[in-house]
Each structure stands twice: as structure tokens, then as C-alpha cells.
Amino acid sequence: MSRVVIIDDEEDIRLVLSEIFDRAGFDVRVASNGDEGLSLIREYGADLVITDIIMPGKDGVQTAYDIRMEFPKTKIIVMSGGGNVAPLDYEPGAITTTAYLASANEIGADMTLTKPFDRHELISAANELIAQKED
Amino acid sequence: MARDLKTISSRMVITVLLIHAVMLPLLSYGMLAVVRNVQEDVFVDSVRIYARVFADILQTNGELPPENEILASLDSSILGGRCIHAALTLGDKLYLSSLMAVTDAENFVEDYEFGEHSDNVYYLSTPLQIGDEVAVLEMGFDELPTLQEIEGARRTIISIMIAYLLVTVLLVVVLSAVLSRPLQRLRHDSRKIASGDYSRQMSTDSDIFEINELSRDLEHMRSTLVGINGRLEAEMASRETAESERRAAETHLRHMHRLQSIGTLAGGVAHEFNNVLLPLLLYTDLALEDLPSDSPVRPHIERVMRLANRAKGLSEQILTFGRRSEDGLKDVADISPVVDEAMSMVRALIPASVGIQTDIRRPVGPLMCDSNEIQQLIVNLCSNAYRAVLKVGGRITIGVASCSVSSEFAAQYVRLDAGEYIRLRVADTGEGMDAATVARIFDPFFTTREVGDGTGLGLSVVHGIVEKHGGEIIVKSELKVGTTVDIYFPESPEAKVIEVEGQ
């Protein structure tokens, strides 16, 4: 059974993604931040990690980087809500999640997804990446 | 009144009157004195000669004629004309003309000057040597005819002087009019210039040297003023244009900042929105998977799914508005096929009854662009144009062409520089918009349509796409006339040519 770790600070997203992967036959574990996710991977191992990019504390890029460094074979999907990260104040230099996703790609994320996405699209991407890992 | 007395005409007339008021009486008095003296001298000389000649007649050969002859002679001297008194005294004997009363002889008072006495008779005595005795011939001559002649001469002189005065005043009035007419014309022209009308050339038809000189000097002054005024007007126009361009650029910059601010805010909202949408969509999907196909709840959940997908579409549009990344741009050699494809989509959306005219100056490019977004932009603009002509009728025109932007034009817009651009124009002859509406058309969710009819995101998406492509949007609209949207995309400096996908 393929092992999946889901890291997102939004509980609803964690729960629904957990349900989806569970139904698809994956061994799913969830974490609400990057450090917690890394602990889970260290404890249980992971074939695939799906991490949100904007999170309090360690962001998704740093989390993906740490995972890549520590577990080079683990596949990583980085997901983002799109838009930018300074919603309530006008900041001309507000960092867009596009920039975050580009950074994630640079440090070695295997795929980026923009929310909202289709569950079949997600499962098929997950299967594909895990298949690549096994090869 | 005071002003009238200060005119050239008045001054000249007054001066002439004053001079003549002094001179004419003096002149008249002088002339009258001369006439009077001449008349008196002539009178006195003539009567003395008359008396002497008469005396000589009486004393022919030193003897007196007989008495009857003396008396006849005395009578004839009176009958001869001007003599009214004739008497001869010889010793105690008095011969008196029978034409005189005896008492008249008592009136004799010898005159030595004309008019010496008030009796209007010039009396003179002439001695005659008769033998050893001396006779005295007393004669009196009427002064009245001479006085009347003098009076007549006085009247004539006064009449001539009055006539002279009148003619002189008349001539002065005419002369002053001749002098003042060109001056009045110059004054009239000067007033025109003072009121800002510099077009009238200053000239006079006077042949008076000073007036001509004045006219030339004023004309020189006018032409100098015209030159200075022209330079001033050009300078003012230039400053006004620069100020107008500066204001337009400032307004545009504020508008851009505002839209960027809204874009940033919208991007943040969309981010949070998507975090909510993802579980909503996925949970709904799971619920639909779990529900039996005949479940009465299923239609409700399916509706929730449709609404969630609609919200997803809205979120994507909001993100398009706020996006400034250049991801997805490719160098396209000729975007006219992209426009063609967009037009086929537009024709499918808009009823055939609405006239759509296209003017594509092929080839159009090269342009760094996202072809899908350019198509979306055209569709969105045409959709708005269609809405504008729907109620009032009209036609839609779409034009695409390469063009050069001048530095003067570019100065009015933040995102334009002088250089080569591709201009996409979507124009309609529909209902048009007022200035307040134009200022807000790119704001997300701003719409003039009825609630529920459109999202208010179409032009926000257009704005996002144009910003992403480094372009500029210029909207000109007038109520009941129509709207023209010009979008300027900078031509790609890259020589590299990439074929449009699918072409």
C-alpha cells in the first residue's frame, strides 16, 4: 500500500484529502505543518507528500526542500490557493503564490497544483508519480 | 461736457473765438477810426475849398457885387447842396441868405474840427479883403450826410468782421474735423487692439505728416504686439498641453495604482476563497459518489456542485485580473489567426442581427502573448460591446493593426513609450458610458447590468490580461454615441518567431 502524507494548515482540506486517498486505497497520514509532516515521514515513511505552500511557520517551499534533502526519492506535490499572500493590505510587492510555486519547482517538487482541483486528477497524478518512484 | 471741451475741434474753435474776441474789436475800432478821419478830412477840406472859392467869386476885382447879387449868390450857395448857412458881414452890414431865418444867424459858432459841436453843422468863417475893409463870409455845412456815411462804414466793417468770424469758425471746424478724423480712426483701432483684436492693421488716409508718422509708429507697435502675443499664446498652449498631459498621466497612474491595489486584494481573497472551495468541491464530489442515484437529496447536492464550480470559475477570473506574472507568454509572429479564432467564437455568441465589422491589417506581430488570453480578451470586449448595442442598436468594429506611438501620445499614459505597438480596437456605436462609469469599468464586480446578469468581472479579466502583457488600455466613451476600447501591446523586440499553437 502506497504511503501518502498530507500537510496543510486547513483542517477541512486535510480531512477531505485524507478521505479521498483512503478511498483510493492509500495509507494516509495528515499533518498541520511542515515539521509535523517531516516527523511523520521519518516515523512511517512516505512515497508521496502533498503539501500546501502557504502555511504558518515553515512554508511549503521550505518543507519540500527539507523533504527533498532528507528523502530524495519521496515524490512531492505542492499545492496552492493561487492569488497572493497579502490579502488585506495593498502591497505592490506582495508575493504571489505563482512565485512560491516556481520556487517549489526549483527546489525539486515533482508537481504543482492550483486549488481547487479535481479529485480524479489528483489521484491519477499521485499514482503516476508513485509509479515513477517505483521505476 | 468737460470731455467735449477737450476735443481738438472744441479747442481750436475756442482758441479762434478768443483771438477774435480780442482782435476783431481792436481791428474794427482801428478801421473805423481811419474811415472816420478820412471822411472828416475830406468833408473839412471840401467845405473849406468850397467856402474859399465862393469867397473868391464874391470879391472879384476886390469889390463886392451889388446887394441883390450878393444875396442871390448866398442863396445859390445853399441851393448848391451841402451848405445850409450862408451870410456875409461887412462892417455893420449883414447879408443873410433869404433861405435862412434871421434867427438862424445867431447859431453861428465857428468850428475848427469836424463835429466839434453837437449842432451837426460845421460852421466856418472866411475873410474877404474888400478894398480897405474886411468882410467875413460865414458858412455852415451839414455834417449829417458825412456822419451817416461814417455810420454806414461802421456797420459795413462790423458786418464784414462778423462774416469773417463766421467763415473763420466754419473753416476751423472743418479743419479740426479733417485733423481729428484720422486720429479718431487710430483711436478706434487702438481700442480694438486693447480689447485683444490684433488683426486690424493701423493706417490712415491722412496726408498730414505728423498723423502719418503717428500711424506708422502705432502700426509698428501693433505688429510687435502681434508677434509677442503669438509667442505668448504658443507658450501658453504648450504649457496647457504639457499640464493636460501631466494631469492625464497622473490620473492614469492613480487609476493603475488603484487597480493594482484591487488586484492585490482580489488575489488575496481568491487565495482564501480557493482554500474553501477545494474541500467544498471535493466533499460534494464524495457525497455524490456515495449517494444512490435515486436519492431525493441527489439533485440538491448536484446543484451545490454546479454552484461550487461556478464559484471556481469566478475565482479563476479574479485571479486573472490580479495576475502579473508573465508565465505563459510566447513570441507569436502574427496574431491575426488568434484574432480570427476569437472572432469565430464571438460570432457564435452574438446574434447575426448585430453587425460586426473586422479590420485586420495582416500580418500583425510579432507579439509576446498568451494566445488563449488574447482570445479571452477579445471575447470579453465584444461581449460588452454587444451589451452596449443590444438596447439601442448599432454595430461593432474590431480592428487589429501595427502602429507607431509618438512620444506626445505616450506621455499621457503610464504604460506607453514611444515606439512600435500592436493596437487592438473594439468599438461600438451603442449606448456609451458617462465618465464616472468609465472610471470604474475595470473594478472587479463593477457592473451596470441588472443584478444576476453578469459577474462584473469581464473587463477586470481584460485588464489583468493587458497588464500581464505589458500593454495599455485606453477607453473613450460618450453617452448615446458609443465606446472605443484601444489596447496597445508592445511589439516583441525578439526576432525569434514561434508559430501559433495549432496553426
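The values are calculated or read from the model by the stated rules, or taken from the named source; none is laboratory data. As the structure is a prediction and not an experimental result, all values here were calculated from the model. As a convention, Cβ positions derive from the backbone with ideal geometry for all residues, glycine included, and neighbour counts pool all protein chains shown. Side chains are part of the model used for accessible areas, which takes the heavy atoms of the whole protein and leaves out ligands, DNA and RNA. Shrake-Rupley method; radii C 1.70, N 1.55, O 1.52, S 1.80 Å.
Confirm whether B:L367 is within 14 Å of another protein chain (Cβ to nearest Cβ), in contact with a Phe, Trp or Tyr (Cβ under 8 Å, 6 or more places away or on another chain) and modelled with pLDDT of 85 or more. Lay out the reasoning, then the answer.
Details: within 14 Å of another protein chain (Cβ to nearest Cβ): no; in contact with a Phe, Trp or Tyr (Cβ under 8 Å, 6 or more places away or on another chain): yes; modelled with pLDDT of 85 or more: yes.
Taking the combined requirement at face value, the residue does not satisfy it.
Remark: pairs (first residue in the range B:24-42, farther than 19 Å from B:T168 by Cα; second residue of a type in the set (F, W, Y); Cβ separation under 9 Å; 6+ apart in sequence or on different chains) = B:R36/B:F114; B:Q39/B:F114; B:E40/B:F114; B:D41/B:F114. Just one of (1) within 11 Å of another protein chain (Cβ to nearest Cβ); (2) open to solvent by 40 Å² or more (accessible area, probe 1.4 Å) fails for B:L282. It is (2). List the number of the failed condition for B:D359; all other conditions in (1) surrounded by fewer than 16 Cβ atoms within 10 Å (Cβ to Cβ); (2) out of contact with any strand residue (DSSP E or B) (no Cβ under 7 Å at 6 or more places or on another chain); (3) modelled with pLDDT of 85 or more; (4) under 21 Å from B:E472 (Cβ atoms) hold. Here B:D359 clears every test but (2).
Please determine whether any residue of the range B:377-396 is part of a strand (DSSP E or B) and surrounded by 14 or more Cβ atoms within 10 Å (Cβ to Cβ).
Our first condition is that a residue be part of a strand (DSSP E or B); within the range B:377-396, this holds for B:395-396.
Subsequent filtering for residues that are surrounded by 14 or more Cβ atoms within 10 Å (Cβ to Cβ) retains B:395-396.
Yes, because at least one residue in the range B:377-396 is part of a strand (DSSP E or B) and surrounded by 14 or more Cβ atoms within 10 Å (Cβ to Cβ).
When you scan the range B:150-167, do you find a residue that is surrounded by 12 or more Cβ atoms within 10 Å (Cβ to Cβ), charged (D, E, K, R), outside any loop (DSSP other than H, G, I, E, B) and outside the structural domain of B:V35 (by TED's automatic domain parsing), even just one? Among the residues of the range B:150-167, not one is surrounded by 12 or more Cβ atoms within 10 Å (Cβ to Cβ), charged (D, E, K, R), outside any loop (DSSP other than H, G, I, E, B) and outside the structural domain of B:V35 (by TED's automatic domain parsing), which makes the answer no. Across the range B:90-108, the number of residues qualifying as under 14 Å from B:L128 (Cβ atoms) and buried (at least 18 other Cβ atoms within 10 Å of the Cβ) comes to 1. Within the range B:240-254, being of a type outside the set (D, E, K, R) and exposed (fewer than 15 other Cβ atoms within 10 Å of the Cβ) holds for B:T241, B:A242, B:S244, B:A248, B:T251, B:L253. Checking each residue in the range A:1-12 for being more than 11 Å from chain B (Cβ to nearest Cβ) and buried (at least 23 other Cβ atoms within 10 Å of the Cβ) picks out A:V4, A:V5, A:I6, A:I7. Got at least one residue in the range B:264-275 being more than 10 Å from chain A (Cβ to nearest Cβ), modelled with pLDDT under 90 and within 30 Å of B:R440 (Cα to Cα)? No, the range B:264-275 contains no residue that is more than 10 Å from chain A (Cβ to nearest Cβ), modelled with pLDDT under 90 and within 30 Å of B:R440 (Cα to Cα).
Figure legend. Inter-residue proximity from the range B:286-299: first residues free of Cβ contacts under 8 Å to residues at least 60 places away in the same chain, second residues part of a loop (DSSP other than H, G, I, E, B), beta-carbon distance below 6 Å, spacing 6+ or different chains. Indicated pairs: B:R298/B:L291. Here the range A:13-53 is the region considered, the condition is being of a type in the set (S, T, N, Q) and open to solvent by 10 Å² or more (accessible area, probe 1.4 Å), and the residue that is farthest from the other protein chains (Cβ to nearest Cβ) is A:S39. Exactly one residue out of B:F273, B:F321 is open to solvent by less than 20 Å² (accessible area, probe 1.4 Å) and either assigned to a loop (DSSP other than H, G, I, E, B) or of a type in the set (F, W, Y) (or both), and it is B:F321. Taking interchain pairs and intrachain pairs at least six residues apart, which have beta carbon atoms under 6 angstrom, with the first residue in the range B:1-22 and over 15 Å from B:S176 (Cβ atoms) and the second open to solvent by less than 60 Å² (accessible area, probe 1.4 Å) and at pLDDT 80 or above? If the second residue must be open to solvent by less than 60 Å² (accessible area, probe 1.4 Å) and at pLDDT 80 or above, the pairs left are B:H20/B:L165.
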